[in-house]
């Protein structure tokens, strides 16, 4: 019996060694391939002046693709992929940054990142993809759904955003403004036209997995209609979550219509009760998220909700045409930037 147990332990130890080696080989191969593609793109870019890339460059790239495929096979050396390598080297000019990122991001990740033309937005997506261990599909969905424009941190000054992202990469900080966003896309609920807060809550819980995906990585559901007894009265919080990275409870209230100033007092009461009665040792102070069909930007600014640990965000149960949505998000971002500027002036 002991011999069998000993052999089983031996096998398991060797199995683990093989698996670890396979992972290491795969990571090493991925990094090598990604750096190769960067070097190819960089070399071609040096050869071709900017003005020549549209005409003469097209012929050169086509000829290179044919020659490389004849020598090394079609995989990876199609003309389209070589052009991606060139874009890759242009958008990520620092080989050291590419080398560090390539240990955790695959070439398929970088293909998605090439579509992001703004440098700060690319830095945002690279940082989150590494920090949150995103797969390619999650990264693509985040870019397609304009996560950066919706994230609350996008309304901060560029210098502040860079500092927060650097802190995340160093493992020092993780800003709640990276986690929270506005608007939240709740089209998976199927709700249209008129509906009640209860219908919205029920729909979110029926599609809890999708709701958590929209909230973002790190959210864990705790309870619905959290009961709080205060001065002999019953109060009920719509939804209670816990965020593992932030290490704090997240209280969520669902509201139909436009944000009202009275919502602040209600959420503050809930947060203080949670802080006193539910917060565990080692956890941070709970945060509140008020989801409204429409924000009230001036009221939100005057109420200074940030200081109270309260976030206000809009939600959409029906998504408009993509161009209309993009314009809405750009307008929202400009408004958040303006509000932030007013706060800094004060």
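Taken over region 99-108, the criterion of being buried (at least 17 other Cβ atoms within 10 Å of the Cβ) and in a helix (DSSP H, G or I) is satisfied by 101, 107.
May I ask you to verify whether residue 270 is under 30 Å from residue 135 (Cα atoms) and crowded, with 16+ Cβ neighbours inside 10 Å? Criteria not met by residue 270.
Checking the stated criteria, residue 188 turns out to be assigned by TED's automatic domain parsing to the domain that holds residue 319, at pLDDT below 90, more than 14 Å from residue 288 (Cα to Cα) and not in a strand (DSSP E or B). The single residue among 314, 301, 294 that is within 21 Å of residue 194 (Cβ to Cβ), in the same structural domain as residue 187 (by TED's automatic domain parsing) and surrounded by 15 or more Cβ atoms within 10 Å (Cβ to Cβ) turns out to be 314.
Would you mind finding the one in 70, 112, 96 that is crowded, with 17+ Cβ neighbours inside 10 Å and part of a helix (DSSP H, G or I)? Every option except 112 fails the conditions. The single residue among 332, 294, 314, 318 that is at pLDDT 90 or above and under 24 Å from residue 145 (Cα atoms) turns out to be 314.
Can residue 151 be described as in contact with a strand residue (DSSP E or B) (Cβ under 8 Å, 6 or more places away or on another chain) and not assigned by TED's automatic domain parsing to the domain that holds residue 244?
yes
The values are calculated or read from the model by the stated rules, or taken from the named source; none is laboratory data. The shown structure was predicted, so the numbers you read here are calculated from the model rather than taken from an experiment. Heads up, the Cβs are rebuilt from the backbone with ideal geometry, glycines too, and the neighbour counts pull from every protein chain shown.
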